[in-house]
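Everything below concerns the one structure shown next.
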Amino acid sequence: MEASPERVWILVTPDKCSGCRLCEIACSLEHEGIIWPEASRIRIYELLPGINVPHTCVQCPDYPCVNACNFGALSVDEKTGAVIVKGENCTECGACFLACPGNVPRIPRGKGSVVICDLCGGEPKCVEVCHEAGHDALTLVKGNYRSIYRTFAKDPVEKGLDLARKVYGEEFAGGSE
């Protein structure tokens with residue numbers, strides 16, 4: 001499944017993240033109607049003190065999660081290129097998680113289906129609140145990024161270690177052997 005050339009995605013700049021988690025709150029309020037960070041489509045990982053990594057779907061152009069779903073629970077929004085979850089079709093099998101290069105899909109206890117960022121129809125609330133808070137760790141970007149998306153589609157632990165090496169040096173984060 002291929003996306004249109006003009007796509008929308010969220011560029012994450014972990015260096016700017018304060019760890020306030022307002023993005024998680026805004027997302028869960030938008031999608032669940034309550035503050036439920038576990039069901040948020042964006043998560044902040046703090047693997048080391050001061051190393052906060054916002055983690056969300058990068059809307060891979062080859063959509064491995066959508067292609068892995070055998071139950072029709074995942075599709076692609078033609079307008080934004082975002083992954084859309086049809087909760088009633090989700091069996092919580094985890095195939096989408098296993099296929100995702102960034103380990104993004106999650107199944108919150110009590111939700112009954114997987115959660116993946118749908119970009120809020122092209123106006124992500126997480127990006128809005130991050131900007132309003134003055135951090136700008138999340139930026140809405142339009143355009144094709146085929147050649148670099150795997151740079152962003154990483155596991156949050158790997159992203160955190162990359163940032164720790166940048167902040168604390170290679171030796172601290174196990175970069176030299």
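The values are calculated or read from the model by the stated rules, or taken from the named source; none is laboratory data. Predicted model, so just to flag it, every value in this text is computed and none were measured. Note: ideal-geometry Cβ built from the backbone for every residue, glycine included; neighbour counts use all protein chains shown.
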TODO: Could you list all residues from region 5-29 that are more than 19 Å from G81 (Cα to Cα) and among the charged types (D, E, K, R)?
DONE: D15, K16, R21, E24
TODO: Select from region 76-127 the residues that are of a type in the set (K, R), farther than 16 Å from S28 by Cα and modelled with pLDDT of 95 or more and list them in ascending order.
DONE: K86
Task: Pairs with Cβ under 7 Å, 6+ apart, first in region 59-86 and farther than 14 Å from G102 by Cα, second among the basic types (K, R) - done: G72/K86; A73/K86; S75/K86; G81/R7
Open item on the list: Restricting to region 103-131, and then to whatever is small (G, A, S) and closer than 19 Å to K79 by Cα, can you tell me which residue is surrounded by the most Cβ atoms within 10 Å (Cβ to Cβ)?
Closed with: G122
- [ ] Can you confirm whether region 72-86 contains a residue that is aliphatic (A, V, I, L, M), over 17 Å from the mean Cα position of the chain (by Cα), crowded, with 17+ Cβ neighbours inside 10 Å and on the phi < 0 side of the Ramachandran plot?
- [x] yes
Task: Cβ-Cβ under 9 Å pairs, at least 6 apart or on other chains, region 122-134 side under 18 Å from V58 (Cβ atoms), far side surrounded by 17 or more Cβ atoms within 10 Å (Cβ to Cβ) and of a type in the set (S, T, N, Q) - done: G122/T80; P124/T56; C126/S40; C126/T56
Task: Condition broken by C20, with the remaining ones in (1) over 20 Å from E128 (Cα atoms); (2) modelled with pLDDT of 95 or more; (3) not charged (D, E, K, R) satisfied - done: (1)
Task: Failed criterion for E92 (all others in (1) touching a residue at least 12 places away in the same chain (Cβ under 8 Å); (2) under 20 Å from P156 (Cα atoms) hold) - done: (2)
Open item on the list: Would you confirm whether or not region 101-109 contains a residue that is closer than 21 Å to L138 by Cα and either assigned to a helix (DSSP H, G or I) or polar (S, T, N, Q) (or both)?
Closed with: yes
- [ ] Output the residue which, of all residues in region 12-70 that are of a type in the set (S, T, N, Q) and in a loop (DSSP other than H, G, I, E, B), is farthest from the chain's Cα centre (by Cα).
- [x] N70
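Pick from region 132-145 the residues that are assigned to a loop (DSSP other than H, G, I, E, B) and aliphatic (A, V, I, L, M): which of them is surrounded by the most Cβ atoms within 10 Å (Cβ to Cβ)?
Among residues in region 132-145 that are assigned to a loop (DSSP other than H, G, I, E, B) and aliphatic (A, V, I, L, M), the one surrounded by the most Cβ atoms within 10 Å (Cβ to Cβ) is A137.
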Task: First in region 154-169 and buried (at least 18 other Cβ atoms within 10 Å of the Cβ), second anywhere and at pLDDT below 80 and among the hydrophobic types (A, V, I, L, M, F, W, C), Cβ under 7 Å, 6 or more apart - done: L161/A173; A164/F172; A164/A173
